[in-house]
1. Which ones in the range 261-294 are hydroxyl-bearing (Ser, Thr, Tyr) and in contact with a strand residue (DSSP E or B) (Cβ under 7 Å, 6 or more places away or on another chain)?
2. How do the pairs read when you match residues in the range 182-197 that are loosely packed, with under 14 Cβ neighbours inside 10 Å with residues anywhere that are among the polar types (S, T, N, Q), using Cβ under 7 Å and keeping only pairs 6 or more apart or on different chains?
3. Quick one: LYS225 ticks every box in (1) closer than 30 Å to LYS184 by Cα; (2) touching a Leu at 6+ places or on another chain (Cβ under 7 Å); (3) surrounded by 13 or more Cβ atoms within 10 Å (Cβ to Cβ) except a single one, so which number is it?
4. Is it the case, given these coordinates, that LEU248 is closer than 19 Å to VAL203 by Cα, in a strand (DSSP E or B) and without any contact (Cβ under 8 Å) to a residue 40 or more places away in the chain?
5. So ASP233 fits all but one of (1) more than 16 Å from the chain's Cα centre (by Cα); (2) under 26 Å from PHE82 (Cβ atoms); (3) in contact (Cβ under 8 Å) with a residue 12 or more places away in the chain; (4) open to solvent by 60 Å² or more (accessible area, probe 1.4 Å); what number is the exception?
6. Are there any pairs with C-beta distances below 6 angstrom linking a residue in the range 120-136 that is closer than 14 Å to ILE286 by Cβ and of a type outside the set (S, T, N, Q) to a residue that is open to solvent by 50 Å² or more (accessible area, probe 1.4 Å) and not in a strand (DSSP E or B), with the two at least 6 apart or on different chains, and if so which?
7. Looking only at the range 88-107, which residues are surrounded by fewer than 20 Cβ atoms within 10 Å (Cβ to Cβ) and assigned to a strand (DSSP E or B)?
Amino acid sequence: MNKYFFIAFLLGILLQSEGCRRHHMSHSTRSTPVSSAPAPIDSTVASNPPQKLPADSAATTRPAATRPGIEEARSNVAEIDFRYLTAKSKISFKGQQQDIDNANVNIRVRKDSLIWLSVSKLGIEAVRGLITHDSITIIDKIHREYSVYDFPTLSKQFNFDMNFELLQALIVGNLPLPKRPAQKIKNERDYLLLRQSEGKVLVENYIGEQDRKLKKLMVTEQPTKNTLRLDYDDFTSLNNFLFPYTSLVTVDYKSKADGQFYQTLLRIKHNKVELVDKNPGFPFSIPASYTRRP
């Protein structure tokens, strides 16, 4: 299994393994360097038109009013709450060294605690993973090996700040950073744009005006300009929440090996998602005969 598999999940829903049969996607046989400029945010996703403010007799004594929804979004961006989440999904991945199309992945999340997943191809489980606040453990069942990573090491490897909270938020479509009173929301085309920062990382959240759901996300690591863009689509009602059943993750990063910029693409299509109160189980054990990879 590729030591740097993590970019496949990179803040989306991971994984890949050499045990999963590779085959090329239609555009090329391998990734090629891309421009060092981050991919621009577009606004091609349809959005409902804004509503007009009702007439207000006090309007003449107030500053010019912002478009409706800004104050509401500032105080109440619609987010998904749950105890446990389970999902059956398809993933397609294209990176510097691997191409995978329509692999099956089962995902289970215990809120603020665990992310469990199992990746299979052609009916055979190839990879099982467990993500906690402290570590990421991957079992390669094809090659009878396992690897253990930590977020600080991976963050250093990719020049990109990674943590459990960010991964969990990206899976369910919530804001990756908690809201703070001082943060401002402004109009940006058909969206409300909330900018957040955490250390060297800038997070731009594009929120739908009408449903207050996070529709797009751009994460930029300031010194390197490494970027992660996530586009959500196919929002469907789930336990009184709107859940994005399709996600496209685009990561542009500079390789430390050759100094070139590369692009990684990951598309997730959920077939079935459930928010449940009962523990679905997180079976995970490493056979004694398996070898740990450095």
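The values are calculated or read from the model by the stated rules, or taken from the named source; none is laboratory data. Keep in mind the model is a prediction, meaning the values are calculated, not measured. Neighbour counts are summed over all protein chains in view; Cβ atoms, including those assigned to glycine, are modelled from backbone coordinates with ideal geometry. Only protein heavy atoms, including side chains, enter the accessible area calculation; ligands, DNA and RNA are left aside. Shrake-Rupley method; radii C 1.70, N 1.55, O 1.52, S 1.80 Å.
1. The answer is TYR262, THR264, TYR290, THR291.
2. Listed by first residue and then by second, the contacts come to ARG189/SER43.
3. Tallying (1) closer than 30 Å to LYS184 by Cα; (2) touching a Leu at 6+ places or on another chain (Cβ under 7 Å); (3) surrounded by 13 or more Cβ atoms within 10 Å (Cβ to Cβ), LYS225 fails exactly one: (2).
4. Yes.
5. Single failed check for ASP233: (1).
6. Between residues of the range 120-136 that are closer than 14 Å to ILE286 by Cβ and of a type outside the set (S, T, N, Q) and residues that are open to solvent by 50 Å² or more (accessible area, probe 1.4 Å) and not in a strand (DSSP E or B), the close pairs are LEU130/PHE284.
7. LYS88, LYS90, SER92, ASP101, ASN102, ASN104, ASN106
Quick grid of which residues meet (1) more than 25 Å from LYS90 (Cβ to Cβ); (2) of a type in the set (A, V, I, L, M); (3) within 17 Å of the chain's Cα centre (by Cα):
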| position | (1), (2), (3) |
| --- | --- |
| TRP116 | no, no, yes |
| HIS133 | yes, no, yes |
| TYR149 | no, no, no |
| PRO152 | yes, no, no |
| SER155 | yes, no, yes |
| VAL172 | no, yes, yes |
| PRO176 | no, no, yes |
| LYS179 | yes, no, no |
